[in-house]
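This report refers to the structure that appears directly beneath it.
The values are calculated or read from the model by the stated rules, or taken from the named source; none is laboratory data. Values in this document were obtained by computation on a predicted structure and should not be read as measured data. Neighbour counts are summed over all protein chains in view; Cβ atoms, including those assigned to glycine, are modelled from backbone coordinates with ideal geometry. These area figures cover heavy atoms from the full protein model, side chains too; ligands, DNA and RNA do not enter into them. Shrake-Rupley method; radii C 1.70, N 1.55, O 1.52, S 1.80 Å.
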Amino acid sequence: MAVCAAWPNDRLKALTEAFAADMPVAYPIAVAIAAAAHSIPLVPALTAYLNAFVANLVSAGVRAVPIGQTDGQRIIAALAPLVEATATAAPSQSL
């Protein structure tokens, strides 16, 4: 796992050693494992994950639609309250 190389952590190392070397891990699961191993609380981890997701979507939109970098940043800023609200509400929701 790339996280082990960049941010070494004994808990994360032990967990990754328990997995088979070629076992695929879905990205959201890898993020959750890394956050938990580094004792990052759930809501801040969800907020960061959702912000990254929004930024990736906006980046794709900037390349595909002529909106420009500045408008892309405005979109990300405008979505920040929704990201925060979603991350805060998510732990109490069911699947």
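Between ASP10 and GLN93, what length in nm is gained on full extension when 0.36 nm per residue of separation is reduced by their alpha carbon distance?
The span from ASP10 to GLN93 would gain 26.7 nm if fully extended.
So how far apart, in nm, are the two label points at MET23 and PHE53 if each is 7 Å from Cα heading toward Cβ?
Here the answer is 2.4 nm between the modelled labels.
Dipole size in debye (nearest 20) for the chain around its Cα centre, Lys and Arg Cβ +1, Asp and Glu Cβ -1?
Magnitude of the dipole: close to 140 debye.
As I understand it, the dipole of the chain uses +1 on the Cβ of Lys and Arg and -1 on the Cβ of Asp and Glu, about the Cα centre. Which of VAL3, THR86, SER39 lies farthest toward its positive end?
Going by the Cα projections, it comes out as THR86.
Between the helical axis of 27-37 and the dominant principal axis of the chain, each derived from Cα atoms, what acute angle in degrees is found, rounded to the nearest 10?
60 degrees
Considering only DSSP states other than H, G, I, E and B, which chymotrypsin sites (Phe, Trp or Tyr not before Pro) in region 12-95 qualify as loop sites with at most 13 other Cβ atoms within 10 Å?
For chymotrypsin sites (Phe, Trp or Tyr not before Pro) across region 12-95 that sit outside H, G, I, E and B with at most 13 neighbouring Cβ atoms in 10 Å, the list reads PHE19.
At 1.4 Å probe radius, can you tell me the per residue accessible area of region 35-88 in Å²?
On a per-residue basis, region 35-88 sits at 64 Å².
How large is the direction-averaged shadow of the alpha-carbon convex hull of region 20-63, in nm²?
Mean shadow area of the hull around the Cα atoms is 4.0 nm².
If I fit a long axis through the Cα atoms of helix 42-64 and take the longest principal axis of the Cα atoms of the chain, what angle between them do I get, 0 to 90°, rounded to 10?
For helix 42-64, the angle is close to 50 degrees.
With N denoting the number of residues in the chain, provide Rg(C-alpha) divided by 2.2 N^0.38 Å, to two decimal places.
1.31
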